[in-house]
Structures are given as structure tokens and as C-alpha cells.
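Enquirer: Structure provided below as C-alpha cells; questions to follow.
The values are calculated or read from the model by the stated rules, or taken from the named source; none is laboratory data. Remember, it's a predicted structure, so these values are computed and weren't measured experimentally. Positions of Cβ are generated from backbone atoms using ideal geometry, with glycine treated the same way; all protein chains shown enter the neighbour counts. For the accessible areas, the whole protein counts, side chains as well, though only heavy atoms, and no ligand, DNA or RNA atoms are used. Shrake-Rupley method; radii C 1.70, N 1.55, O 1.52, S 1.80 Å.
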2 protein chains.
Amino acid sequence: MILGFNDYRQQGEALARALQREFALVELHRFPDGESKLTLPTELPTEVILCRSLDQPNHKLIELLLAAQTARQHGVKHLSLVAPYLCYMRQDIAFHPGEAVSQQIIGEFLAGLFDKVVTVDPHLHRIERLDQAIPEREAIALPSASVMGAFLAAHTQQPLLLGPDEESEQWVRAIAEPAGLDWAVAKKQRFGDRQVQVALPEREYARHQVILVDDMISTGNTLINVSQQLRRQGAKTIHCLVTHALFGEPVSHALHQAGIENIWSSDSVPHPSNAVGLAGLIASAFRS
Amino acid sequence: MILGFNDYRQQGEALARALQREFALVELHRFPDGESKLTLPTELPTEVILCRSLDQPNHKLIELLLAAQTARQHGVKHLSLVAPYLCYMRQDIAFHPGEAVSQQIIGEFLAGLFDKVVTVDPHLHRIERLDQAIPEREAIALPSASVMGAFLAAHTQQPLLLGPDEESEQWVRAIAEPAGLDWAVAKKQRFGDRQVQVALPEREYARHQVILVDDMISTGNTLINVSQQLRRQGAKTIHCLVTHALFGEPVSHALHQAGIENIWSSDSVPHPSNAVGLAGLIASAFRS
């Protein structure tokens with residue numbers, strides 16, 4: 001059985017269809033005092049998948065705790081979490097003394113609740129494998145590259161995939177190389193503490209549909225800078241492909257203002273830009 | 001050392017003064033994506049008290065997890081939680097099949113993080129002792145009655161303490177009896193599913209300052225009903241004394257409109273009505 005939440009219901013139902021399993025909803029009520037009340041179906045099988053993405057995570061993490069422990073009390077023996085966007089993966093060291101290393105703490109919290117955790121394109125830096133963050137559990141990080149590449153193949157012509165900074169290279173390369181697409185990566189240059197300028201590699205941008213590619217967008221500032229430069233260098237169409245759409249309407253607006261025609265995101269985070277469904281990919285983690 | 005948070009700083013500092021211990025702040029930053037970043041002091045003693053009240057609790061519970069685990073990593077051996085308002089104590093059974101019994105789940109979550117938990121007037125129904133909710137830990141439920149009674153003795157004349165319903169009897173009696181004050185309790189009567197009417201006991205309300213007493217106010221509906229009836233029975237001054245002020249400005253306004261002159265609350269939840277400091281009472285739980 002797939003147990004879903006209303007804020008991620010479509011994706012949970014799509015996963016249930018892909019796996020040919022039953023879907024049921026966790027009823028959620030938030031009281032005015034900020035407490036959450038959860039009601040699970042009364043009849044649960046021994047194997048259950050909780051499906052909820054973890055953007056804006058704190059409420060959701062407490063609700064996962066309540067749901068997981070209640071499922072255990074009702075006899076669930078094998079409990080999986082499908083969280084296509086996994087929170088708290090970026091704080092993987094104390095950047096300043098005394099900082100909480102939240103990747104490790106939240107990872108252990110999830111390891112305490114679930115037998116298996118499945119996510120898509122987690123933002124890992126200083127560790128290589130997800131099971132280093134979620135210890136002693138089956139921890140699966142699915143790459144979205146194949147479904148993203150298939151989407152581009154169907155929706156673009158002569159695309160040039162461009163990563164906005166060195167960190168994005170892993171995502172760009174993974175999509176472009178198997179599909180035989182052109183790709184390049186820009187370089188971030190810092191001047192002083194705050195000023196950032198992006199240097200574009202030399203390409204004939206006017207001849208391509210330029211696709212900016214990254215794993216997540218939050219402020220969008222780098223993409224805006226890159227897009228403005230691309231325009232000056234004659235690029236005619238610029239689109240943007242991103243796994244995790246963590247940004248709100250003002251950022252969407254600024255990106256379009258900067259000359260980005262379409263923003264396409266996976267449905268890891270519910271968002272108006274969602275264009276690429278992940279259900280088939282995620283289902284593969286549950287077929288042995 | 002007392003480790004406090006900005007949203008409960010004054011109370012944390014007052015506790016530190018009462019215990020003659022150092023106070024330090026946990027720096028808290030919330031990112032636009034909803035994640036919390038915490039920074040603790042780099043030098044921590046082996047015994048630390050985290051002080052934060054747990055109204056609007058979900059963010060705060062995740063931040064307690066991050067703070068507690070980070071403190072442990074920095075060598076803290078004995079970690080206490082002072083949460084004068086303790087969340088999730090009301091859902092102590094599944095009122096409907098499948099409901100999460102959050103009192104038990106959150107209690108075990110806190111037991112996993114802290115050696116000792118101290119709170120004030122927790123709203124317990126079907127269990128008698130706090131350590132039934134927070135198992136295998138030192139779990140101390142301090143009664144606010146003595147400081148509440150001392151406050152009333154100093155600020156009222158010929159008070160009659162009135163509980164708005166049967167559930168409030170325990171709080172009213174605990175304040176009134178040791179102080180030798182008059183008290184009574186109203187009865188709630190339900191008509192159909194939603195209609196509630198409160199029946200006042202017969203008293204000469206015109207001869208007293210009537211003090212409505214309860215452990216918490218959330219919607220305020222019962223108090224409004226009681227206050228309107230008291231007015232009709234000639235009560236001249238009505239005040240309200242409450243431990244946990246969980247209500248917002250619209251409820252304050254409605255209570256004053258219904259004829260309640262002053263609302264006095266303990267500082268368990270930061271609120272404009274705070275009149276009774278709990279630091280001295282809480283300090284007593286740390287002096288052996």
C-alpha cells in the first residue's frame with residue numbers, strides 16, 4: 001500500500017498506479033495551536049510505502065514521525081519512505097563552529113523511522129552515497145537524468161545544455177552524455193564577499209536552444225545572471241530544466257523577465273512548472 | 001548552562017538568574033526553503049538545560065532535535081528540557097480508529113533526546129503522571145497553583161475563583177484551597193452535537209471579584225459564555241487567570257468584549273497577557 005498526503009497526492013497516486021498497489025490517504029488536520037492530528041487507515045498491510053516530498057520540511061518531519069510510529073503500532077513490518085525531494089542534505093558539515101550538522105541528524109532521525117528511504121537527485125557534497133547520511137538502512141538515490149534526458153529529446157531541437165556553475169556539472173553531464181547532447185558549464189567568479197559574476201564558456205549560443213540545467217533553484221540569482229549574458233551573446237531561446245522546484249512565484253517571474261522562456265521541473269516538489277513525472281523512475285526502486 | 005532561544009529568551013534568562021547559571025543563546029536561522037540552521041556555543045559544560053516552550057510546536061520540535069543531538073556531539077552528558085508549555089499532551093488516545101496517539105509518540109521522541117523534562121501544568125487526562133508519557137526519564141510536572149495563588153492574593157480582593165467546566169476543577173481547587181479562597185465550578189451541558197451551554201452554580205456573584213480560572217485558553221468560547229452569564233447575574237468585576245495563553249489577539253478582544261477586565265497568564269507561552277513569572281518555580285526542579 002502507498003500512503004499519501006494531500007499535499008503530494010497526485011504523485012502518490014501515480015506511484016501506486018505504476019506499482020499496481022492500493023493508494024490510501026493519511027488524513028491530516030492542523031489545529032490552531034499548531035499541533036497536527038493524523039488519521040491512518042485502520043487496516044494496513046505489513047508492507048507500506050509513505051510517499052511525501054520534504055520541501056518546507058519541519059511540519060512534515062513531525063508528521064512523518066507520527067505517521068510512521070502509528071503505522072508500526074498497527075502492525076506494519078516494512079516501512080519505506082519515498083521523499084523525491086529530501087530535505088536537510090546541504091548542511092553536511094559545520095561551516096562555522098557550533099553549527100548543527102543537520103544532514104547527519106535528520107538522516108539518523110529518518111533511519112530510526114524507516115527501513116528504506118528513496119529519493120531523487122539528493123544534493124550531496126562531501127559524502128558520495130546516501131546511506132552515509134541515512135545509516136544502516138536501504139537508502140536509494142535515484143538519478144533523474146534518464147527521464148530528464150527523455151523529456152528534452154521530446155521537447156527541444158538542437159539543445160545545448162548549460163550548467164550555471166561548476167557544482168551543476170554532475171547533473172548536466174549525466175543528462176547530456178547518454179543522450180548524445182551538447183553541453184557546457186559556466187564558471188562562477190567571486191569578487192569580494194558578495195559579488196558573483198558568471199563567466200560563460202565560448203560557444204555559438206545563437207545556433208542552439210540553450211537549456212539551463214541544475215538540480216535545484218532557490219533564489220534564481222545565478223540563472224538570471226547567466227540568462228542575461230546569454231541574451232547579450234545572441235541566444236534566441238533559453239529554457240530551464242530543474243529537478244527540484246523550490247522557488248516561489250516572484251522567482252519564476254524574475255526568471256521569465258531575464259529571458260527564460262519555459263521552466264520545466266520534475267514533480268519532486270509540487271509546482272506550476274512541473275513537467276516531468278517521476279513515478280515510473282521511483283517505481284523501479286521497488287521492483288527487485 | 002541554560003541554552004535559550006530568541007522566542008523564549010526573557011524566560012530563559014530569568015531561569016538562569018534564578019539558578020545562578022550562565023545563559024547562552026542558540027542562534028537560529030530559517031532559510032526560505034523552510035529548513036532551520038542552528039548554531040550552539042562552541043564550549044558547553046557537561047550539564048545543560050535547553051529552555052524553550054512548545055506552543056506552535058512542529059518547527060520547535062525539529063529544532064530541539066537538532067540542538068539536542070549537537071549538544072551531545074559537543075560532549076554534553078546530562079541534557080534537560082524546560083518546556084513550560086508541553087505540546088501534544090491532549091491526544092492521549094485514538095478518539096477515532098487509526099488516529100495517531102501523539103502524546104505517546106512525542107513523549108517517546110522527547111525521552112530519546114533528554115535525560116530530564118520539566119514542564120508546568122501539563123494537560124493530562126487519562127494518565128496521571130508525566131513519566132507515563134515520557135518513559136524512563138525524570139519527568140517533572142510542576143503545578144503552577146502556588147505562584148498563581150500568590151499572584152491573586154496580591155492583586156485581588158475577596159476573589160471567587162470559578163472554573164468554567166468540570167475539567168477545570170483540578171486547577172481551581174489547587175489554587176483556591178491552600179490560599180483559603182472561595183471557589184466554584186460551572187457545568188457544561190451539551191445540546192445536540194455542537195451547542196454548549198454552561199450552567200453556573202448559585203452564588204452571590206455581585207459580592208465578589210470573580211476570577212475565571214483554567215489551565216489553557218484556545219478559542220475562549222466557554223469563557224465568553226460564562227462571562228456573559230456572570231454579567232447577567234450582577235457580577236461587577238470579572239478577571240481571568242490562565243496558565244497557558246495559547247490564544248491570539250482576536251480571542252483577547254472577544255474576551256474583553258464579553259466583560260472580562262484583565263486576563264492574567266503565566267509566562268509559559270510568550271503573550272501580552274503574561275503577568276506571572278515561572279522562573280522561581282521551575283528553578284526548584286533543579287535544586288536537590
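Enquirer: If you filter segment A:48-118 for chymotrypsin sites (Phe, Trp or Tyr not before Pro), then keep DSSP loop positions with at most 11 other Cβ within 10 Å, what is left?
Expert: A:Phe95
Enquirer: Which GluC sites (Glu not before Pro) from segment B:79-183 combine a DSSP loop assignment with at most 11 other Cβ atoms within 10 Å?
Expert: B:Glu128, B:Glu136
Enquirer: What does the charge count around B:Gly98 come to, taking other residues whose C-beta lies under 10 Å from its C-beta (Lys +1, Arg +1, Asp -1, Glu -1)?
Expert: Values: positive: none; negative: A:Glu27, A:Glu43, B:Glu99.
Surrounding charge for B:Gly98 is -3.
Enquirer: In nanometres, what is the gap between the two model label sites at A:Ala150 and B:Arg30, each 7 Å from Cα along Cα-to-Cβ?
Expert: Computed distance between label sites A:Ala150 and B:Arg30 equals 3.9 nm.
Enquirer: Still on this structure, please answer the following. Which value, in debye to the nearest 20, describes the size of the charge dipole of segment A:1-91 about its Cα centre when Lys and Arg Cβ atoms bear +1, Asp and Glu Cβ atoms bear -1, and nothing else is charged?
Expert: Using Cβ point charges on Lys, Arg, Asp and Glu, segment A:1-91 gives about 220 debye.
Enquirer: Still on this structure, please answer the following. Would you tally the net charge around A:Leu79, using a Cβ to Cβ cut-off of less than 9 Å, leaving A:Leu79 out, and scoring K and R as +1, D and E as -1?
Expert: +1
Enquirer: Out of the GluC sites (Glu not before Pro) in segment A:1-40, which ones are loop residues according to DSSP with at most 13 other C-beta atoms within 10 Å?
Expert: A:Glu22
Enquirer: If R0 is 45 Å, what FRET efficiency do you get for B:His78 and B:Glu249 from their C-beta distance, rounded to 0.05?
Expert: 0.70
Enquirer: On C-alpha positions alone, give me the angle between the axis of helix A:57-73 and the longest principal axis of chain A, in degrees, nearest 10.
Expert: So the inclination is approximately 30 degrees.
Enquirer: If the label for A:Arg203 sits 7 angstrom from Cα along the Cα-to-Cβ line, what are its distances to the same label in every other copy, in nm to one decimal, shortest first?
Expert: Shortest to longest, the spacings are 7.9 nm.
Enquirer: For chain A, what ratio Rg/Rh do Cα atoms give with a Kirkwood hydrodynamic radius?
Expert: Numbers: Rg = 20.1 Å, Rh = 20.2 Å.
Using only Cα positions, Rg/Rh for chain A is 1.00.
Enquirer: Here's another thing I want to ask about it. List the aspartates and glutamates whose alpha-carbon lies under 12 Å from that of A:Lys236, not counting same-chain residues fewer than 8 positions away?
Expert: Result set, ordered by chain and number: A:Glu204, A:Glu261.
Enquirer: If you don't mind, there's one more thing I want to ask. To check my understanding: the extent here is largest minus smallest coordinate of the Cα atoms along each principal axis. What are those three numbers for segment A:145-267, in Å, largest first?
Expert: Here the spans come out as 40, 31, 25 Å, largest first.
Enquirer: If one computes the Cα centroid of segment A:1-57 and of segment B:82-102, what distance in Å separates the two points?
Expert: Cα centroid to Cα centroid, the span is 20 Å.
Enquirer: Skipping prolines and chain starts, which residues have an amide H placed within reach, meaning under 5 Å, of the one on A:Val198, given they are 5 or more residues away or on another chain?
Expert: Answer set, sorted by chain and number: A:Gln189.
Enquirer: Here's a follow-up. Under the Karplus relation 6.51 cos²θ - 1.76 cosθ + 1.60, θ = phi - 60°, what is the ordered set of whole-Hz ³J(HN,Hα) values for segment A:124-139, x standing for Gly and Pro?
Expert: Result, rounded to whole Hz: 9, 10, 8, 10, 9, 10, 4, 6, 6, 8, 10, x, 6, 10, 6, 10.
Enquirer: Evaluate the distance, in nm, between pseudo-label points positioned 7 Å from the Cα of B:Gln158 and of B:Lys188 along their respective Cα→Cβ axes.
Expert: For the pair B:Gln158/B:Lys188, the computed spacing is 3.2 nm.
Enquirer: Any of A:Lys187/B:Lys37; B:Lys60/B:Lys188; A:Lys116/A:Lys188 with alpha carbons more than 31 Å apart? Name them for me. Could you put the intermediate results ahead of the total?
Expert: Values: A:Lys187/B:Lys37 28 Å; B:Lys60/B:Lys188 34 Å; A:Lys116/A:Lys188 37 Å.
Where the Cα-Cα span goes over 31 Å, the pairs concerned are B:Lys60/B:Lys188; A:Lys116/A:Lys188.
Enquirer: Can you give me the Cα centroid spacing of segment A:224-254 and segment B:129-159 in angstrom?
Expert: For segment A:224-254 versus segment B:129-159, the Cα centre distance is 58 Å.
Enquirer: Each residue of segment A:209-214 in turn: what ³J(HN,Hα) in whole Hz from Karplus with 6.51, -1.76, 1.60 and θ = phi - 60°, glycine and Pro shown as x?
Expert: Ordered by residue, 3J(HN,Hα) equals 7, 8, 10, 6, 10, 8 Hz.
Enquirer: If we hang a label 7 Å off Cα along the beta carbon direction at A:His29, how far is it from the matching labels on the other copies, in nm, shortest first?
Expert: 3.9
Enquirer: Can you tell me the mean projection area, over all orientations, of the convex hull of the protein assembly as shown's alpha carbons? Units nm², please.
Expert: Mean projected area of the Cα convex hull: 30.2 nm².
Enquirer: List every residue whose amide H lies under 5 Å from the amide H of A:Trp264, counting only residues 5 or more places away in sequence or on a different chain, with H placed 1.01 Å from N in the peptide plane.
Expert: A:Cys240, A:Leu241, A:Val242
Enquirer: A:Glu169 label points, 7 Å along Cα→Cβ, one per copy: pairwise distances from this copy to the rest in nm, shortest first?
Expert: 7.5
Enquirer: Please express the shape of segment B:1-139 as an equivalent ellipsoid: the semi-axes are the square roots of 5 times the eigenvalues of the C-alpha gyration tensor, given largest first in whole angstrom. If you can, show how the numbers build up before the last one.
Expert: Details: eigenvalues 133, 60, 38 Å².
Result for segment B:1-139: semi-axes of 26, 17, 14 Å.
Enquirer: Hey, another quick one. Place a +1 charge on the Cβ of each Lys and Arg in the protein assembly as shown and a -1 charge on the Cβ of each Asp and Glu, then give the dipole magnitude about the Cα centre in debye, rounded to the nearest 20.
Expert: That gives a dipole near 560 debye.
Enquirer: Still on this structure: Taking 0.36 nm per intervening residue step and subtracting the Cα-Cα distance, what contour gain separates B:Glu22 from B:Glu202 on full extension?
Expert: 59.6 nm
Enquirer: Pulled fully out, how much extra length does the chain show between A:Arg287 and A:Gln132, if you take 0.36 nm times their separation in residues and subtract their Cα-Cα distance?
Expert: Between A:Arg287 and A:Gln132, full extension yields 53.5 nm more.
Enquirer: May I ask you to evaluate 6.51 cos²θ - 1.76 cosθ + 1.60, the Karplus curve with θ = phi - 60°, for each residue of segment B:36-53 and list the ³J(HN,Hα) values in order in whole Hz, giving x for glycine and proline?
Expert: Using θ = phi - 60°, the values come out as 10, 10, 10, 10, 9, x, 6, 10, 10, x, 6, 10, 9, 10, 8, 10, 7, 7 Hz.
Enquirer: Moving on. What is the set of long-range amide H partners of A:Asp121 at a cut-off below 5 Å, with H atoms built 1.01 Å from backbone N?
Expert: For A:Asp121, whose amide H was placed from the backbone, the distant partners under 5 Å are A:Leu142, A:Ser144.
Enquirer: Within chain B, what's the longest stretch lacking trypsin sites (Lys or Arg not before Pro) that sit in DSSP loops with no more than 15 other Cβ atoms inside 10 Å? Please report the intermediate quantities before stating the final value.
Expert: Values: sites that count: B:Lys77, B:Arg126, B:Arg129, B:Arg194, B:Lys236, B:Arg287.
Longest run free of exposed loop sites: B:1-76.
Enquirer: Also: Report the local net charge at A:Ser268: Lys and Arg +1, Asp and Glu -1, summed over other residues whose C-beta lies under 12 Å from its C-beta.
Expert: Value of the local net charge: -3.
Enquirer: Using a 1.4 angstrom probe on protein heavy atoms only, which residues from segment B:39-55 are buried by at least 50 Å² of accessible area when all chains are present rather than their own chain alone?
Expert: none
Enquirer: Go from 0 up to the bin containing the longest alpha carbon distance in segment A:128-186, width 5 Å each, and give me the % of pairs per bin.
Expert: The distribution over segment A:128-186 is 4, 18, 23, 18, 14, 11, 8, 4, 1, given as percents.
Enquirer: Need one number: nm distance between label points at B:Lys236 and A:Glu47, each 7 Å from Cα along Cα→Cβ, rounded to one decimal.
Expert: Each label point is offset 7 Å from its Cα along the Cβ direction, giving 7.6 nm.
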